[in-house]
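The values are calculated or read from the model by the stated rules, or taken from the named source; none is laboratory data. Just so we're clear, the structure is a prediction, and the values are computed from it rather than from any experiment. Every residue, glycine as well, gets a Cβ built from its backbone with ideal geometry; the counts of neighbours run over all protein chains shown. Accessible surface is based on the protein model in full, side chains and every heavy atom, while ligands, DNA and RNA are left aside. Shrake-Rupley method; radii C 1.70, N 1.55, O 1.52, S 1.80 Å.
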Amino acid sequence: MGKWTEDVEELVHQGRIKVPYTWSVGETGSKFFLELRDHKKIWGTRCPLCRKVLVPARKICGKCFRQVEEWVEVGSEGTVQTFTVVRYPSEVHPLKPPFGYAVILLDGADTGMTHLLSGSDPGKWRSGMRVRAVFKEKREGNILDIIYFKPVE
Ligand SMILES: [Zn+2]
């Protein structure tokens with residue numbers, strides 16, 4: 001008995017499923033998001049073994065697999081490590097194009113944080129440019145309390 005696709009043309013359907021869900025962000029995530037919401041502060045955690053400051057804060061170092069308990073406040077400014085520009089609209093995008101998805105190394109952090117770029121001409125964006133977090137006025141305790149990172153002129 002052969003593979004069924006030898007006898008039948010395999011058709012592929014592309015679709016999108018919306019699945020509402022709720023989950024706990026845990027002890028570390030709760031502290032991280034409460035600091036964002038209540039104080040507009042970004043915190044990381046420092047691994048006791050490799051000493052790297054992980055941002056967003058994590059409970060376990062992904063490199064050493066050690067529990068991480070030391071909290072370290074990092075800057076709301078940082079450096080873009082890499083980015084891509086989104087130029088097409090979609091209901092799943094958090095911002096109206098054009099905007100960017102970027103990995104940003106915040107001042108004092110050792111790991112890049114993925115977030116959004118906006119607030120200036122994408123044609124002028126470069127890896128290595130300095131950016132600053134733009135916070136929502138009414139924050140809710142999630143990563144989009146930072147609306148985006150804006151290039152520092
Ligand atoms: Zn580590």
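Some notes on this structure:
- ASP121 vs. criteria among the acidic types (Asp, Glu) and closer than 16 Å to VAL152 by Cβ: yes
- Count of segment 47-60 residues which are part of a loop (DSSP other than H, G, I, E, B) and of a type in the set (Val, Ile, Thr): 1
- Subset tally (residues that are loosely packed, with under 15 Cβ neighbours inside 10 Å, of a type in the set (A, V, I, L, M, F, W, C) and more than 8 Å from the ligand (Cβ to nearest atom)) for segment 47-64: 1
- Scanning segment 108-130 for residues that are under 26 Å from ARG58 (Cβ atoms) and touching a Lys or Arg at 6+ places or on another chain (Cβ under 6 Å) yields a total of 1.
- Checked against the criterion of being under 16 Å from the mean Cα position of the chain (by Cα), more than 16 Å from the ligand (Cβ to nearest atom) and farther than 22 Å from VAL25 by Cα, the candidates GLU137, GLU153, GLU77 yield just one match: GLU77.
- Candidates GLY44, GLY29 - the one that is closer than 26 Å to ARG132 by Cβ, touching a residue at least 60 places away in the same chain (Cβ under 8 Å) and either away from the ligand (no atom under 16 Å from the Cβ) or not in a loop (DSSP other than H, G, I, E, B) (or both): GLY44
- Residue list for segment 1-26, restricted to those being part of a loop (DSSP other than H, G, I, E, B), of a type in the set (S, T, N, Q) and farther than 30 Å from ARG58 by Cα: GLN14
- Any hit, segment 33-40, residues being farther than 19 Å from ARG132 by Cβ, within 14 Å of the ligand (Cβ to nearest atom) and either more than 18 Å from the chain's Cα centre (by Cα) or small (Gly, Ala, Ser) (or both): no
- Strands (runs of 3 or more DSSP E) within segment 66-153 that include 1 or more residues in contact (Cβ under 8 Å) with a residue 40 or more places away in the chain and surrounded by 17 or more Cβ atoms within 10 Å (Cβ to Cβ): 77-86, 99-106, 113-117, 130-135, 146-151
- Residue match in segment 6-16 (condition: open to solvent by 30 Å² or more (accessible area, probe 1.4 Å), in contact with a strand residue (DSSP E or B) (Cβ under 9 Å, 6 or more places away or on another chain) and not acidic (Asp, Glu)): no
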